Amino acid sequence: MVFPSKGSEAVSVNEWVNKRFLLVDDFPSMRQMMRDMLRNIGVRYIDQAASGSEAAAALGRTKYDVVLCDFNLGPGKNGQQVLEEAKVRELIGPTCIWVMVSAEKSVDSIMGAAEYQPDSYLIKPITENTLMSRLNRIWAKKQVFKQIAHTYDVKDYLKAVKLCDEKLATDKIHALDLLRMKATLLEKAGEMDQACAVYEQVMTVREFPWAKAGIAKIRAADGKLELARQMLQEVVAENPHYLEAYDQLADVQQRMGQFEEAEKVLLSAAKLSPNSVLRQKNLGTVALKLGNAEAAEKAFRKSVSVGEHSVLATPESYYGLARVCGQKADAKEALRVLSAVQDKFDTEETRVRAKVVEGLVYHESGDEIKARKSGEELSQLLATTGDLPDAETCLDMARLLFAVGVEGAPLDLLRDVVKNNHDNEQVLKDVQDIFEKASLGDQGAELVGSAKKEAGEMMNRGVILWKGGQLDEAIEWMRAARETMPSNLRVLLNFAQILIAAMQTNGYDAELGAEAREVLMRAEKIAPNQRRFAQLMEQLTVLTPAELA
C-alpha cells in the first residue's frame, strides 16, 4: 500500500456563510482584526470571548462550527485549558474546527497545546489567506470523517469500523488517517489482534511513531512487557517530541518494577511539556514510591498549580502532596492540603479519601492517637456513604482501619470489594494480603471465598432466569444485583445483555433502552476496551429507532 499525498479540497466562500464562529482572545484589537478577516470571507455568525471562563460559558450555550482560540488569555484559564474543558465536557462536536492561535513560539506552549489535539496551531501574525487556506483544508477533512466521528461519539465502535472500511474503499487521499482511526476503534472494541494487524499494515509502508506505539501498547496488554518496552524506547529515541510514547513507556516500566527508569522518562517528558496536570501527577506518584520526597513534592505541587483552572485537575495530586508532607513530618501542611482538596472537589468520595490520607499521615508520623481518631471518623463516614469508591481506595481504607485497630469496619468493606471484583484475581490477592498482614489469614480466606461465591450465585441467578424465558424476573433480579454490586463488571454486562434480549423479544422500549445504555456506559468507565461492551453497543444501536439514535 502506498499512501498518496494529502490534497486540499477547495471550499467555497459560501460554505462559511452560515457557520458559527467563536473568537477567543483577551485583546479587543486582535478580536476585531480576526472578526474583520472572517467578515471578508462571508462569515455572518461570530461570537467573541475575552477570557477562558467567558469562552467556556459560550461553548456551554452554543454549538460552534469553528473556534479560534488564543493560547494566552490573561488570568484564569488559558487556551489549552479551554480546549481540555471543551473536550472533556463534550462542548464541541466531532466536526467542530478548533484552531489554537498564539504569538508564543516556545516549545512549552506549542507542545502543551498539541497534546490536547487542536485541529491546527497558528502563530501570529496571521494573514487572511493563511487563515482561509487552513480552515478550508481542515473542513474538507472533517467532512470525510463526519459520520465516523458521530458513530464513535455514541460509542458504536464496530459500526464505525465498518464506516472506515467503506471510506477506505473509495478515498485514497485520507487512507492513512482512516487506518489510524480504524485501529483506534478496534482497540476501543477490544479487538486487539485486528487493531495490531492495521498498525502492522501501516508499518509496511513507513514506521510512523503512532503505529509503532500502537503495536507496543497491544503487546503490553498481552503481557509482553519487555518487547513493548524496547519498541517504545525506539519510538522515543527516533521521535523525541512524541509525548504519548513517554507516558506509555513509563507505564510499562512501572509494570516491570522499573520505577527509577519510569521516573527518568516522565522527567524527560515533563521538561518538554511541563504543564500536563496528569503527567506531573504520575511523576509525583512514581517519585513517592521511590522515596524521593523532594521530586514528588515538586511534581505534585506543579500538578496542583497547573490544574487550578483545568478540568483535568485531579484530587490524586493533593493526596500525593499530603502524603509527602506527612513523610516530611509536616502534618500541619498535610492537613492544609487535604482541606484544600475538599474545598475544590466537594464530593462525598473526596471527603472519604481525604480522611484516609489524613489517617495514613498520622500513622506514618507515629501519632497513633490521632491516626485512630481518623480511622474512627472514617468508619462513621463509611456507614453513611452511598457508592463505595474504587477498589484501590477501598483497599487503602481497609489498611488504615486495620492499622489503627478499628474493629468490624474493614471486614464489611473488604467483603464489598470482593463482591464487586469477584473475578479480578489481583484484587482478591490484595484483599488476602491485607488479612495476612493483620495476622488474620484464615479469616481472610473464608471471607474472600464466601463473598466470591455469593457474587457468582447472585449474578448466575439472573442469567438462569433469562435463559429460562423469564425476562421480567431476570431484569428485576439483575437490578437488585447491580444495587448490591454496583461496580461488578460482569454484573453490568450481563444486565445490559438481558435488557437488550428483552427488547429483541418484545420490541424497543425507550426506558429499557436508556437503562441499557446507562449500564453500558458505567461498564466502559470501569473497564474500557471490552469486546463484549462493543458487541452489546452494536446490538443496542440496531434496536434503537433512528430518530432516537
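Of all residues in the range 515-549, exactly one satisfies the criterion of being touching a Leu at 6+ places or on another chain (Cβ under 9 Å), open to solvent by 40 Å² or more (accessible area, probe 1.4 Å) and hydrophobic (A, V, I, L, M, F, W, C), namely Ile526. Confirm whether Glu263 is more than 21 Å from Ala245 (Cβ to Cβ) and acidic (Asp, Glu). Considered against the rule, which asks whether it is more than 21 Å from Ala245 (Cβ to Cβ) and acidic (Asp, Glu), Glu263 comes out as no. Listed by position, the helices (runs of 4 or more DSSP H) contained in the range 140-249 that have at least 3 residues being closer than 27 Å to Arg517 by Cα are 157-168, 175-188, 192-203. Scanning the range 523-545 for residues that are within 19 Å of Ala501 (Cα to Cα), without any contact (Cβ under 8 Å) to a residue 40 or more places away in the chain and assigned to a helix (DSSP H, G or I) turns up Ala523, Gln539, Val542. Checking each residue in the range 232-247 for being at pLDDT 95 or above and open to solvent by less than 30 Å² (accessible area, probe 1.4 Å) picks out Leu232, Val235, Val236, Ala245, Tyr246. So, Asp387, is that one in a loop (DSSP other than H, G, I, E, B), at pLDDT below 90 and surrounded by fewer than 20 Cβ atoms within 10 Å (Cβ to Cβ) or not? Yes; evaluated as a whole, the condition is true for this residue. Residues that are touching a helix residue (DSSP H, G or I) at 6+ places or on another chain (Cβ under 7 Å), in a loop (DSSP other than H, G, I, E, B) and open to solvent by less than 60 Å² (accessible area, probe 1.4 Å) are absent from the range 390-401 altogether.
The single condition from (1) buried (at least 16 other Cβ atoms within 10 Å of the Cβ); (2) over 24 Å from Val235 (Cβ atoms); (3) at pLDDT 95 or above that Glu187 fails is (2). Looking only at the range 420-435, which residues are part of a helix (DSSP H, G or I), of a type outside the set (S, T, N, Q) and surrounded by 13 or more Cβ atoms within 10 Å (Cβ to Cβ)? Within the range 420-435, Val427, Leu428, Asp430, Val431, Asp433, Ile434, Phe435 qualify. So how many residues does the range 142-159 have that are without any contact (Cβ under 8 Å) to a residue 24 or more places away in the chain and within 21 Å of Gln530 (Cβ to Cβ)? Looking only at that region, the number is 1. Among the residues of the range 413-425, those that are more than 17 Å from Lys355 (Cβ to Cβ) and in contact with a helix residue (DSSP H, G or I) (Cβ under 9 Å, 6 or more places away or on another chain) comprise Leu414, Arg415, Asp416, Val417, Val418, Lys419, Asn420, Asn421, His422, Asp423, Asn424.
Among the numbered conditions (1) at pLDDT below 95; (2) surrounded by fewer than 17 Cβ atoms within 10 Å (Cβ to Cβ), the only one that Asn275 does not meet is (2). Checked against the criteria, Thr204 does not count as β-branched (Val, Ile, Thr), surrounded by fewer than 17 Cβ atoms within 10 Å (Cβ to Cβ) and under 21 Å from His150 (Cβ atoms).
Condition first: outside any loop (DSSP other than H, G, I, E, B) and under 25 Å from the mean Cα position of the chain (by Cα). Can you find one or more residues in the range 25-33 that meet it? No, there is no match, as no residue in the range 25-33 is outside any loop (DSSP other than H, G, I, E, B) and under 25 Å from the mean Cα position of the chain (by Cα).
Filtered by the rule that a residue be touching a Gly at 6+ places or on another chain (Cβ under 7 Å) and open to solvent by 30 Å² or more (accessible area, probe 1.4 Å), the range 282-297 gives Thr285, Leu288.
Which residue pairs have Cβ atoms closer than 9 Å, lie 6 or more positions apart in sequence or on different chains, and pair a first residue in the range 373-384 that is more than 13 Å from Phe402 (Cβ to Cβ) with a second residue that is crowded, with 16+ Cβ neighbours inside 10 Å and basic (Lys, Arg)? Here the result reads Ser374/Lys355; Glu377/Lys355; Leu381/Arg351; Leu381/Lys355, each pair linking the range 373-384 to a residue that is crowded, with 16+ Cβ neighbours inside 10 Å and basic (Lys, Arg).
In this entry, Ala262 passes the filter for residues that are touching a helix residue (DSSP H, G or I) at 6+ places or on another chain (Cβ under 7 Å) and open to solvent by less than 10 Å² (accessible area, probe 1.4 Å).
Residue by residue, here is whether (1) in a helix (DSSP H, G or I); (2) closer than 14 Å to Asp423 by Cβ; (3) under 31 Å from the mean Cα position of the chain (by Cα) holds:
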residue: Gly449; (1), (2), (3): yes, yes, no
residue: Lys452; (1), (2), (3): yes, yes, yes
residue: Gly456; (1), (2), (3): yes, yes, yes
residue: Trp466; (1), (2), (3): yes, no, no
residue: Gly469; (1), (2), (3): no, no, no
residue: Glu473; (1), (2), (3): yes, no, no
residue: Arg479; (1), (2), (3): yes, no, yes
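Only one entry in Gly456, Gly444 is surrounded by fewer than 16 Cβ atoms within 10 Å (Cβ to Cβ) and of a type outside the set (Phe, Trp, Tyr), namely Gly456.
Evaluated against (1) free of Cβ contacts under 8 Å to residues at least 12 places away in the same chain; (2) not in a helix (DSSP H, G or I); (3) not hydrophobic (A, V, I, L, M, F, W, C), Ser305 falls short on exactly one condition, (2).
Specify the residue that is farthest from Gly307 (Cα to Cα); the eligible residues are those in the range 51-89 that are assigned to a loop (DSSP other than H, G, I, E, B) and free of Cβ contacts under 8 Å to residues at least 40 places away in the same chain. In this case the residue turns out to be Ser51. Only one of these is open to solvent by 10 Å² or more (accessible area, probe 1.4 Å), in contact (Cβ under 8 Å) with a residue 60 or more places away in the chain and small (Gly, Ala, Ser): Ser439, Ser487, Ser450. Name it. Checking each option against the conditions leaves just Ser487. In the range 391-420, the residues that are within 13 Å of Met485 (Cα to Cα) never reach a residue that is of a type in the set (D, E, K, R) and modelled with pLDDT under 90 with C-beta atoms less than 9 angstrom apart, at least six apart or across chains.
The values are calculated or read from the model by the stated rules, or taken from the named source; none is laboratory data. Everything numeric in this text was worked out from a predicted model, so none of it was measured. Neighbour counts are summed over all protein chains in view; Cβ atoms, including those assigned to glycine, are modelled from backbone coordinates with ideal geometry. We work out accessible area using only protein heavy atoms, side chains counted, and drop any ligands, DNA or RNA first. Shrake-Rupley method; radii C 1.70, N 1.55, O 1.52, S 1.80 Å.
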